[in-house]
1. For the residues Asp282, Asp94, what sequence is obtained by ranking on other C-beta atoms within 10 Å, fewest first?
2. Please list, or write none, the aspartates and glutamates whose alpha carbon is within less than 16 Å of the alpha carbon of Lys142, excluding same-chain residues fewer than 8 places away.
3. Taking all pairs of distinct Cα atoms, average 1/r, flip it, and tell me the Kirkwood hydrodynamic radius of the range 741-790 in Å to one decimal place.
4. If N is the number of residues in the range 176-293, what value comes out of its Cα radius of gyration divided by 2.2 N^0.38 Å?
5. Could you tell me the extents of the range 98-409's C-alpha atoms along the three principal axes, largest first, rounded to whole Å?
6. Take the eigenvalues of the Cα gyration tensor for the range 99-256, scale each by 5, and report the square roots as semi-axes in whole Å, largest first.
7. For the range 220-231, take each phi angle, set θ = phi - 60°, evaluate the Karplus expression 6.51 cos²θ - 1.76 cosθ + 1.60, and give the result in whole Hz per residue in order, putting x for glycine and proline.
8. Could you give the length gained by full extension between Arg377 and Ile91, i.e. 0.36 nm per residue of separation minus their alpha carbon distance, to one decimal place?
Amino acid sequence: MKMVKIKTVIKIILFVCIVGGLSYFIFTGEDSSKVGNIPTAPGLPTPETEDDSTNDEGAEEGAEEGVDQPAETLPEQVAVDDDSPENRVKIITDKQKEIDGHSFLIENDFYELYLKKENLSFIIRDKHTGAVMYSTIEKPVKSNEEWTNFMQSSFVMEYLVGTNIVVYRADMYSGNPDIDLDITSDGFEAKISYAELEISYEVKVTLTDQGIQVEVPQDKIEEKSDKFKIAGLYIYPFLGYSKLGERDGYMFIPDGSGGLIHLEDNNGKYKQPYSEMVYGEDAGIDDPYVLSLFNDMDPFNNPEKILAPVFGMVQTDSEIGYLGIVEEGKFNAKIEAYPNGAILPYNWITSKFIYRQFYNQPTSQDSGTMVVRQKNRNNFDIKVRYDFVSQDKANYMGLASTYRDYLLDEKLITKKEDDFHIRVDLLGTDLEKSLLFKKNVPMTTFTQASDIYEKLQENGVENILSVYKGWQDKGYYGGLPIRSFQPESELNDGLSLLELTDKAEKNGIDLFLYHDALRINLEELGNTRYKVMKKFNKRTYEENVYGNVYRSFHYLHPDSSATIMKKMAREYEDQAIENIMLSGISNELFSYSEGSKEFDRVTTKDYFESIVSDYSNQFHLVLEQPFSYLWDYSNAILDLPTKSSDYVFTDEDIPFIALTLKGIIPMYAEYTNFQANQQEFFLQLVEQGLYPSFYITHEDPSKLLYTNSSNIYSSKFERYEEMIKDYYEEFEKIHKQTRDAKIQGYERDNGITKVSYDNGVIIYINYEEQTKTFDDQTIDGLSYKVVHKQ
């Protein structure tokens, strides 16, 4: 008895100490993010926020019990015992017969190409500036033979041996390749053969007016052995490399909005690279052992998906750079960027193409798995173009404008109407658990939605784009997938959904119905005739969301998505619904299995693109954060990220996609009311030319506490009514001055960002609290200023 009392007293004392410490921290601690007033900007309410997560360098994960691990060990960092500068020439004023063992090959009006035949290494020289860029390292730092050969190679093939899951490499030296070279009028072609492996492939390198184009056709890949199989291929991994901090410039990675890794000496502090699949990870291959130079290392938290297949290198000291664009093979490509210290003392960025991957295959119903490799090779052509920039274009603005020109020239996107609307999305209903059953939690009925629109327009908010989520039977999460036009009856309180859409159209409001075409809620459906996606290991994929009602969802088989969406298209047309917002299939791609057959992401892409294309022809369509291959089908891009994932080695976020697409297609940011620092976010929207978005409910979001929408903590219309009005007035004024204009200049200096449009408008944004002067313009603290060039 005494022991129990003593323990109780100790617990009480500890509890008091903890509470006291927390109270002192909360009431006396300083907020690291100082917020002031934005002149001429809306007043910003401060919602409750969660703690920001910090991206730290991760450690190698332990081996899973019962899983056969690859025998490959983690690559060790190469010690720099030779830190002397390379002294490779940056500028060559005249045409040469030979540069660093590379003989002159061909030229056009803009560039000269020099080739080293033994390893297909090239040097490109800008004829107007004399700046040169190297594709391989001529004299690598001392290392083992494998890495030395890698650094001197233009192509590096990864291959598998038998059932062994160890990845081996064959480059331009190891494996004793035979190179059959043909010089062409605009470049060269070569067949690279490994006799012992019985694997060969052909490459074609072309000098263009923009730079270099590299192709590897799939029908020229030969695998004659059952033992040796190609796994992956690096394409000119060291093009534009630099050693330690010897060059000025940066690598551009397409993470989220975009990020830069500066070419500075990192003093060995970074151990891992950036390595992400274009268009996101493949949910159909449940496996951490993707083919790469490293395994099981994850230094990041919640990486943003790659929305566009691009990357870049800029050397500002010689004013030359390139934008790498993966034209073909992008659905099976990775972008990898290695800051110096991540294995090698060099900065290098590259595209890598995946032909075969590993995945975990269960060996029993209860436990035990083994790692196996993908049966069939992913069949795709490779085409990568390196469009070069120079002089005042040798910066990330130049890379963005290069990508914009490419998209327009190749007709991958067409200009859309650039009418300004403020986005006000509404949540209809969600479900919560009651004692015996689940019950609806109506948040915004159809009548309440109409009232919100009326109040906004009475306040002068005329142009509204609104996505209505959770309008269907059983609401936002319970009603997945939407299989028929059946609005939730509890939302009909005197006004039906069709009456709401008619009323909105008459009042000039673009009201879109939200439709997730990817997910299925098996807990609600139970037995269903629709197929769900199965991974390569034949297990059903589960998307874990850990919600208060539903813990996970499943993905529909692509054919089932197509079947449902065809049926829904007929029903939407029958109900005279014109505006649809598609989610799920807009930003997800996966491989899957069906019986004994395996299907790669290209198959899924074909299904999804067909659905989106049909809806684009039939309806007024907008897409949620779409991948670039779908941009032209959408009349606007929703939920565009304003930042990158803030990886530990990312030195600077850049708005690459916004710089590319401003003036081409309307772009809407993620929800303003969920931002921790709304003042900074407001200025970012001004800077990037994004339109503001709000997620609104009529009821207090506290009612969502026990639903899967419990993450919505600040959404009540009464709180944001005035703020929406103020934002509308501010952004409408900016839009009138920048409508249809493209961004042509972008500068940052000492807290000031200068954005120049091609119609002569310049916007200065001051992120500092104190007033600053830039270009003889005075910009108040935490504010912006719009001027017209004389």
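Here, each number is a calculation from the coordinates, and none is a lab measurement. Predicted model only: the values in this text are computed from it and were never measured. Cβ atoms come from the backbone with ideal geometry, glycine included; neighbour counts cover every protein chain shown.
1. Details: Asp282 25, Asp94 7.
The order, fewest Cβ neighbours first, is Asp94, Asp282.
2. Glu76, Asp81, Asp82, Asp83, Glu86
3. Numbers: mean 1/r = 0.0924 Å⁻¹.
Over the range 741-790, the inverse of the mean reciprocal pair distance is 10.8 Å.
4. On the way: Rg = 18.2 Å, N = 118, 2.2 N^0.38 = 13.5 Å.
Compactness ratio reported: 1.35.
5. Largest first, the range 98-409 extends 65, 44, 44 Å along its Cα principal axes.
6. Values: eigenvalues 156, 77, 43 Å².
Over the Cα atoms of the range 99-256, the ellipsoid semi-axes are 28, 20, 15 Å.
7. Rounded to whole hertz, the list is 9, 8, 10, 10, 8, 9, 7, 8, 9, 9, 5, 10.
8. Details: separation 286, 0.36 × 286 = 102.96 nm, distance 4.29 nm.
Once the chain is fully extended between Arg377 and Ile91, it gains 98.7 nm.
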